[in-house]
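Trainee: My questions all concern the structure below.
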Amino acid sequence: MAKIFVTRIIPDPGLILLREHFPHFDLWTADQPPSRNELIERARGADGLLCLLTEKVDAELMDAIGPQLKVISSMSVGVDHIDIPAATARGIPVGNTPGVLTDATADQTFALLLAAARRIAEGERYLRAGKWVTWSPSLLLGADLVGATLGIVGFGRIGQAVAKRAQGFDLRVIYHDPTAQPACNAQPVDLDTLLRESDFVSIHVPLNAETKHLVNAEFLSKMKPNAVLVNAARGGVLDQSALYHALKSNQIFAAALDVTDPEPLPMDCPLLELENCLIVPHLGSASKKTRDMMSLLAAQNLVAGLKGERLPNCFNPQVYG
Ligand code: DGY
């Protein structure tokens, strides 16, 4: 019987599927992820690993698990926590969960964009602090969407779903992504043009060596002073120290972050001092239906890999030659 380690309790659809195929799989049941040592010990000897984005799956872990490891399945679309070349070199297919979280993440991006533009979190803090004494013509004025320009950096599934939503808000949409075809009435532009023209800049690139700190001091210095930055991709794409200085000096108007580096964000992070920085704890895909679908797809990937079948969603199809 195959040995499987699942690194956290995932929503029912995935667990039910796994139980049907492998009634005795090993499940980490604590709320917190396993520590590195706990992960290595519990996963040792496994044929299949189902992990979350909280686990670093590198060559050391793969070797500690052993040469029998047949499949790594992550309940996430992002795979920056997995050493893909190391898995590919060992012939291990890596499964991920694209597609099923596109709409939820695009919705979250829009929620953040609107909240930062209209200072929703700041307004709520203001009210709860007992500062609301009267309606005022100049209280907490924000940014308008109609007629403004939204610049999308990374025009894959999620970037395009954000562009689709932007049409309903009468935003002009431009994007930068050398590999993407035009869609949703969005116009392709180079990055400098995007930064020069956008009132809202939304980041939708995966984290890798090329995109690490893509949003740095130079990037921010090219944005408009009224601009709002939204990051629902990965925290590592953004240089948080550069963002702090840009927001503190009002070089840009506001930022809304679904993701940070590290996660969780330490409570002494200077960004938390700023009223014009909205931060939520990586909730892009956090809807019940979406997480159910992610769980099911992650389990389907794992089951397929253990049966020696092609994964429904394989991130490194090169392993199949
Ligand atoms: C993913 O799946 O990579 C997302 O970041 C989870 O919200």
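Trainee: Quick one: length gained pulling His24 to Asp12 fully straight, 0.36 nm per residue minus the C-alpha distance? Please report the intermediate quantities before stating the final value.
Mentor: Numbers: separation 12, 0.36 × 12 = 4.32 nm, distance 1.58 nm.
Extra length from His24 to Asp12 when fully extended: 2.7 nm.
Trainee: Given 0.36 nm per residue, what is the gain on full extension from Ala64 to Glu263 after removing their alpha carbon distance, in nm? The partial results should precede the final answer.
Mentor: Values: separation 199, 0.36 × 199 = 71.64 nm, distance 2.52 nm.
Going from the current span to full extension adds 69.1 nm.
Trainee: With the cut-off at 1.5 for a/c, could you classify the chain from its C-alpha gyration tensor as rounded, prolate or oblate?
Mentor: prolate
Trainee: If you don't mind, there's one more thing I want to ask. Is the shape of segment 183-224 rounded, prolate or oblate, going by the alpha carbon gyration tensor and its root eigenvalues a ≥ b ≥ c, with a/c under 1.5 for rounded and a/b larger than b/c for prolate? Mind showing how you got there, number by number?
Mentor: Values: a/c = 2.23, a/b = 1.20, b/c = 1.85.
Note, shape of segment 183-224 comes out oblate.
Trainee: Exceeding 20 Å between C-alpha atoms, which entries from my cross-link table qualify? They are Lys3/Lys289; Lys56/Lys289; Lys222/Lys248. Provide the component values of the computation, followed by the final result.
Mentor: On the way: Lys3/Lys289 29 Å; Lys56/Lys289 26 Å; Lys222/Lys248 16 Å.
Checking Cα-Cα distances, Lys3/Lys289; Lys56/Lys289 exceed 20 Å.
Trainee: Additional query: Quick one: which residues, 5 or more positions from Leu229 or on another chain, have an amide H under 5 Å from its amide H? H modelled 1.01 Å from N in the peptide plane, none for Pro or chain starts.
Mentor: Placed amide hydrogens put Val201, Ala254, Ala255, Ala256 under 5 Å from Leu229.
Trainee: Looking only at Val205, Val173, Val189, which one moves most when the chain is put into a Gaussian network model with springs between Cα atoms under 10 Å?
Mentor: Maximum fluctuation in the GNM of the chain, among the listed residues, is at Val189.
Trainee: With a cap of 13 neighbouring Cβ atoms within 10 Å, and only residues DSSP puts in a loop, list the chymotrypsin sites (Phe, Trp or Tyr not before Pro) found in segment 119-192.
Mentor: Working: sites: Tyr126, Trp132, Trp135, Phe155, Phe169, Tyr175; in loops: Trp132, Trp135, Phe155, Phe169.
Here the chymotrypsin sites (Phe, Trp or Tyr not before Pro) that fit, given the DSSP loop and packing criteria, are Trp132, Trp135.
Trainee: As an exercise, use a Förster radius of 25 Å and the Cβ-Cβ distance of Leu140 and Leu274 to find the FRET efficiency, rounded to the nearest 0.05. All intermediate terms of the calculation are to be shown ahead of the outcome.
Mentor: Numbers: r = 15 Å, r/R0 = 0.59.
E(calc), rounded to 0.05, equals 0.95.
Trainee: How big is the antiparallel share of DSSP beta bridges in the chain, given as a percent to the nearest 5?
Mentor: Working: 1 of 36 bridges.
Antiparallel bridges: around 5 percent, rounded to the nearest 5.
Trainee: In addition: How high is the relative contact order of the chain? Use alpha-carbon pairs under 8 Å, at least six apart in sequence, and give a whole percent.
Mentor: Numbers: 617 pairs, mean separation 68.3, N = 321.
Value for the chain: 21 percent.
Trainee: Turning to a different aspect of this structure: Kindly state, to the nearest 0.05, the FRET efficiency for Lys288 paired with Ala89, given R0 = 35 Å and r defined as their beta-carbon distance.
Mentor: Working: r = 38 Å, r/R0 = 1.08.
So the FRET efficiency works out to roughly 0.40.
Trainee: Taking the Cα centre of the chain as origin, sum charge times position over the Cβ atoms of Lys and Arg (+1) and Asp and Glu (-1), and report the length of that vector in debye to the nearest 20. Numbers along the way, then the final one.
Mentor: Numbers: 29 positive and 35 negative charges, 108 e Å.
The dipole magnitude comes to about 520 debye.
Each value in this text was obtained by applying a stated rule to the coordinates, not by laboratory testing. Just so it is clear, the structure is predicted and the values come from calculations on it, not from any experiment. Counting neighbours? That spans all protein chains shown, and the Cβs are built from the backbone with ideal geometry, glycine included.
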